[in-house]
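Visitor: My questions all concern the structure below.
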Amino acid sequence: MAKEITSRAEDYSQWYLDIVKKANLAENSAVRGCMVIKPYGFALWENMRDQLDRMFKETGHVNAYFPLFIPKSFLSREAEHVEGFAKECAVITHHRLMADPNGKGLVVDPEAKLEEELIVRPTSETIIWDTYRNWINSYRDLPLLINQWANVVRWEMRTRLFLRTAEFLWQEGHTAHATKEEAMEETLRILDIYTTFAEEYMAMPVIKGIKTPNERFAGADETFCIEAMMQDGKALQAGTSHFLGQNFAKAFDVTFLNENNQQELVWATSWGVSTRLIGGLIMTHSDDNGLVLPPKLAPTQVVIVPVPKPAGPIDEASAKIMKALKDRGITCKYDMDMKNRPGFKFAEHEMHGIPVRLAIGQRDLDNNQVEVARRDTGEKTSVPLDGVADYVQQLLGDIQNNLFQKAKTFQEQKTTRIDSFNDFKDLLDTESPGFISAHWDGTTETELEIKEQTKATIRCIPLDGEAEEGTCILTGKPSARRVLFAKAY
RNA sequence: CGGGAUGUAGCGCAGCCCGGUAGCGCGCGUCGUUCGGGACGACGAGGCCGCAGGUUCAAAUCCUGUCAUCCCGACCA
């Protein structure tokens, strides 16, 4: 068998790149740091997007669209925010090109310099809050619950397909509330939506937590996150939900008149998940044979491979199965390809992570059955033709659960409680350190010192962590609870 | 922005030292034999050798410049 994918043991990051490429998810483009999301990868993103979109709408949010370009001056309105993003902005300085007077090609027309430069949005808080000022007058205008699906640009130095690209797709929610309590509730409601989505759809277990001040979103009072553990023992921030306090309301002068006819500043949240989730999905479930997709998000849930190739009786039997599957809301593809042999197709569909494969040949027809193979475990069984749709429906559910359970067990195994800094360093020196649950004295100074020495960062202060007296792993100072450290993507 | 490397067919590479017909594997096309775990044979298509100068009768090959990409170090969902 031709090995087309580098094994994880051999080279994990090459394995990741092989999966992205061989599963037809995305490729690098002519533009440095920017990727082309291919139809199969985009179909996956669409499924993720549709589920999230539904969940946002069920909780009262509506979609809108704000401009790609943001006046440079907007960014500087909120002090923390500028500092966070200024270093990675694409800037538009001119609006016209002209023929190069010295030769061939085009040059920027120096006459066409913009009065005020525009930046390509790295996130949209500023333009949105500038707009909200006009939309919000009274407490009756609140809460304002808006989401947008958009692309954003952050000029990253080192990029990796899906995990970190200069341009990426995401959703960003921006809400305005009358009270601090409401805004905080919203922040946590969204964190729960993200958690539900990650665990029930992506089958990717996550830890809900609060970011330390050092890791907080630029401009937020508090950042909540979900953190996932990848197969190589590194953590991935999978989603963030920010309680913005009144910072943007102050910066953009967004006030409302309350029931007592008094002016008050609005309370805000913002939250987002991006195409980075696809990277997380890959690194949670996939194996050395290729992509593994959870049934709830797979663009194609079932593929039928005719053996040896499409032909009358096999086509007929397959058509019946497909009909029965479609009646149950299961997406199914019949492999009509005449060129490749069954063995090749098996490998190919495994590479693409299709959860269930059915194979039908004359041998099966003679026995009135069909071969069913599941992607997650590789197991194959023969099932009577009659009951195959019901069997597959149940199997898809089993696969979804199995993927989650397997990932959950892995995450638990990869979480270590540590109480001495030597053990801490030793574990971080290993190939696959995972999450380390340890005490921290709560200071940024200590956090940075630990990062300096070990490259590990505090991923979050887990929300469900119990209070526990202890002493800081580095300084020995008192600590009230454990936090999660890890090396991160 | 510092250090290292590479640009030759769609992809992966050889050829460069020692200048002289543009080569291999994969992929692609046609035909045939195959087909229950990545098939094989025959024939075929496909290249301003990154770009610009220079040396030479002659440059993928030598020299100069330039551009681009990749890898390693400081930021980040």
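The values are calculated or read from the model by the stated rules, or taken from the named source; none is laboratory data. None of the values given here were measured: they were computed from a predicted structure. All Cβ positions, glycine included, derive from the backbone under ideal geometry; neighbour counts span all protein chains shown. Heads up: the accessible areas ignore ligands, DNA and RNA and are worked out on the full protein's heavy atoms, side chains in. Shrake-Rupley method; radii C 1.70, N 1.55, O 1.52, S 1.80 Å.
Visitor: Please tell me the relative contact order of chain A in percent, rounded to the nearest whole number, where contacts are Cα pairs under 8 Å and at least six residues apart.
Guide: 14 percent
Visitor: Please determine, in degrees from 0 to 90 and to the nearest 10, the orientation of helix A:444-454 with respect to the longest principal axis defined by the Cα atoms of chain A, where the helix direction is its Cα long axis.
Guide: Rounded to the nearest ten degrees, it is 40.
Visitor: Debye calculation, C-alpha points only, no solvent: report log10 I(q)/I(0) for chain A at q = 0.06, 0.08, 0.12 Å⁻¹, in the same order as the q values.
Guide: Values returned for q = 0.06, 0.08, 0.12 Å⁻¹ are -0.34, -0.59, -1.14.
Visitor: Ok, one more. Between A:ASP141 and A:LYS38, what length comes free when the chain is fully extended (0.36 nm per residue of separation minus the Cα-Cα distance, one decimal in nm)?
Guide: Going from the current span to full extension adds 33.0 nm.
Visitor: Further question: Per DSSP helix of 4 or more residues, -39500 (n - 2.57); summed, then divided by the residues of chain A. What does that give at 222 nm, rounded to the nearest 500?
Guide: -10500 deg cm²/dmol
Visitor: Segment A:27-61 to segment A:413-489: how many Å between their Cα centroids?
Guide: 33 Å
Visitor: Give the distance, in whole Å, between the Cα centre of segment A:198-240 and the Cα centre of segment A:270-310.
Guide: With segment A:198-240 and segment A:270-310 each reduced to a Cα centre, they are spaced 21 Å.
Visitor: Of the DSSP beta bridges with both residues in segment A:415-486, give the percent that are antiparallel, rounding to the nearest 5.
Guide: If we restrict to bridges inside segment A:415-486, about 75 percent are antiparallel.
Visitor: What distance in nm lies between label points placed 7 Å from Cα along the C-beta direction at A:TYR65 and A:GLN413?
Guide: Rounded to a tenth, the inter-label distance reads 4.6 nm.
Visitor: Still on this structure, I have one more. What do you get for the angle between helix A:125-135 and the principal long axis of chain A? Use alpha-carbon atoms, 0 to 90 degrees, nearest ten.
Guide: 70 degrees
Visitor: What's the angle, to the nearest 10 degrees (0 to 90), between helix A:388-413's Cα axis and the longest principal axis of chain A?
Guide: Its long axis makes an angle of about 50 degrees.
Visitor: Using the heavy atoms of the protein chains alone and a 1.4 angstrom probe, what is the accessible area of segment A:415-486 per residue in square angstrom?
Guide: Per-residue accessible area for segment A:415-486 comes out at 51 Å².
Visitor: Give me the accessible area per residue for segment A:130-191, probe 1.4 Å, as a whole number in Å².
Guide: Ligands and nucleic acids excluded, the result is 45 Å² per residue.
Visitor: To continue, here is another question. Express the carbon and sulfur contribution to the solvent-accessible surface of segment A:415-486 as a percent, rounded to the nearest whole number, probe 1.4 angstrom.
Guide: Carbon and sulfur: 46 percent of the exposed surface of segment A:415-486.
Visitor: Excluding A:MET283 itself, calculate the net charge of residues whose Cβ lies under 12 Å from the Cβ of A:MET283, where each Lys or Arg counts +1 and each Asp or Glu counts -1.
Guide: +2
Visitor: What relative contact order, as a whole-number percentage, does segment A:12-285 give when Cα pairs under 8 Å and 6 or more residues apart are counted?
Guide: About 19 percent, as a whole number.
Visitor: Oh, and also: Tell me the relative contact order for segment A:118-211 as a rounded percent, counting alpha carbon contacts under 8 Å between residues six or more apart.
Guide: Over segment A:118-211, the number comes to 23 percent.
Visitor: What are the residues whose amide H is under 5 Å from the amide H of A:ILE304, where those residues sit 5 or more places off or on another chain and H is modelled from the backbone?
Guide: Amide H to amide H, under 5 Å and 5 or more residues apart or across chains, A:ILE304 pairs with A:LYS333, A:TYR334, A:ASP335, A:LEU358.
Visitor: If the cut-off is a Cα-Cα distance under 23 Å, which lysines reach A:LYS455, setting aside same-chain residues fewer than 8 apart in sequence?
Guide: A:LYS87, A:LYS208, A:LYS211, A:LYS234, A:LYS414, A:LYS425, A:LYS477, A:LYS487
Visitor: Tell me the carbon and sulfur percent of the accessible area for segment A:302-398, rounded to whole percent, probe radius 1.4 Å.
Guide: Of all accessible area on segment A:302-398, carbon and sulfur atoms account for 52 percent.
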